[in-house]
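No value in this document is a laboratory result; all are computed from the given coordinates. In this text, all values refer to a predicted model and were calculated from it rather than measured experimentally. As a convention, Cβ positions derive from the backbone with ideal geometry for all residues, glycine included, and neighbour counts pool all protein chains shown.
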């Protein structure tokens with residue numbers, strides 16, 4: 001086996017890492033002025049700029065002035081930042097960028113301004129979610145491009161984002177759960193799947209990969225797939241009994257009904273779970289259970305900290321949403337009770353007795 005060759009060292013180059021982990025390279029001789037080097041270390045753009053600095057020449061401020069959006073997308077997808085993304089995230093962004101480049105791939109990078117981004121947003125106006133995703137991905141692209149020295153500014157920051165009208169996944173009702181249980185009995189993979197979500201509140205990206213190796217002293221321990229947060233979930237007796245009945249011998253409790261092997265991805269699990277939901281006549285899907293569990297916990301008095309710990313949220317925003325809704329519900333119920341016994345009730349019979357007509 002041939003060992004990896006060490007990468008060349010370029011004289012007078014200084015490496016700087018931001019608090020967000022961004023790596024930037026500068027050229028500096030002694031105490032002289034610093035000049036930022038574009039691109040990644042060792043890339044064609046980096047080496048060309050370094051040679052200019054060594055020759056005492058100024059670095060061309062717009063390295064990609066003659067390059068197109070498609071060129072920029074290709075560079076982005078070959079970057080270290082792209083490679084650090086999860087495969088599922090890469091897939092989503094790649095599909096969006098591919099569609100963008102079908103119509104705008106030939107645009108020169110400097111020509112992509114606020115007006116161009118706003119036009120792309122408006123063309124997707126009939127589907128606010130698509131418009132919002134377009135804005136998000138283009139923002140990621142140009143944030144990276146500015147940092148890498150391929151663009152002067154990020155035009156997306158100047159454009160107002162659309163508000164999505166969707167309320168997200170539909171929460172499950174008690175009737176939904178009852179219908180599912182009646183259709184899918186004990187011992188089935190469908191019953192095991194719903195109990196794993198009901199008694200943990202986990203995302204589908206975590207549920208499908210849970211196995212015996214994640215259970216320690218009747219506590220489910222794993223890192224959340226979405227953000228890497230460490231989760232600790234004590235097992236409900238019902239869920240523990242369901243796990244004890246599993247005899248597949250795999251490293252995942254859930255297996256495909258047809259082949260008896262673990263699911264290949266969260267998408268394949270999600271598609272299968274959607275199918276068994278439809279079989280039970282339930283319109284909701286896996287994430288809707290998570291929303292219902294969060295709402296129930298908030299209504300039971302769960303604090304922001306408790307919701308964040310259980311659901312793996314890293315900010316207060318989501319926890320505040322559920323606790324605020326729960327608080328409003330409690331306040332409304334309390335107000336309604338006061339209104340019922342208040343002597344100033346607007347109904348005549350309450351004010352003057354039952355004889356009032």
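Restricting the calculation to Cα atoms, every distinct pair contributes to the Kirkwood radius of the range 13-54, found to be 10.7 Å. Measuring max minus min along each principal axis, the C-alpha atoms of the range 261-325 give extents of 37, 26, 16 Å (largest first).
The alpha-carbon atoms of the range 69-158, seen along their principal axes, cover 34, 29, 22 angstrom, with the largest extent given first. With the convex hull drawn around the C-alpha atoms of the chain, the volume per residue stands at 270 Å³.
Summary value for the range 104-224: 17 percent relative contact order, contacts being C-alpha pairs under 8 angstrom separated by 6+ residues.
Given an 8 Å cut-off on Cα distances and at least 6 residues of separation, report the relative contact order of the chain as a percent.
Averaging sequence separation for qualifying contacts and normalising by length gives 11 percent for the chain.
The helix-based estimate of mean residue ellipticity at 222 nm for the chain, built from -39,500 (n - 2.57) per DSSP H run of four or more residues and divided by its residue count, is -15000 deg cm²/dmol to the nearest 500. Dividing the mean sequence gap of close Cα pairs (under 8 Å, 6+ apart) by how many residues the range 13-54 holds gives a relative contact order of 25 percent. Exposure proxy shown here: for 169, 20, the number of other Cβ atoms within 10 Å sets the order, fewest to most, as 20, 169.
Rounded to the nearest 0.05, what FRET efficiency is calculated for residue 16 and residue 169 with R0 set to 51 Å and r the Cβ-Cβ distance? It comes to 0.75.
For the chain, the longest principal axis of the C-alpha atoms and the axis of helix 266-279 are separated by about 30°. Calculated on the Cα set of the range 174-332, radius of gyration then Dmax: 15.7, 51 Å. What is the Cα centroid distance between the range 225-246 and the range 18-52, reported in whole angstrom? Answer, in whole Å: 47.
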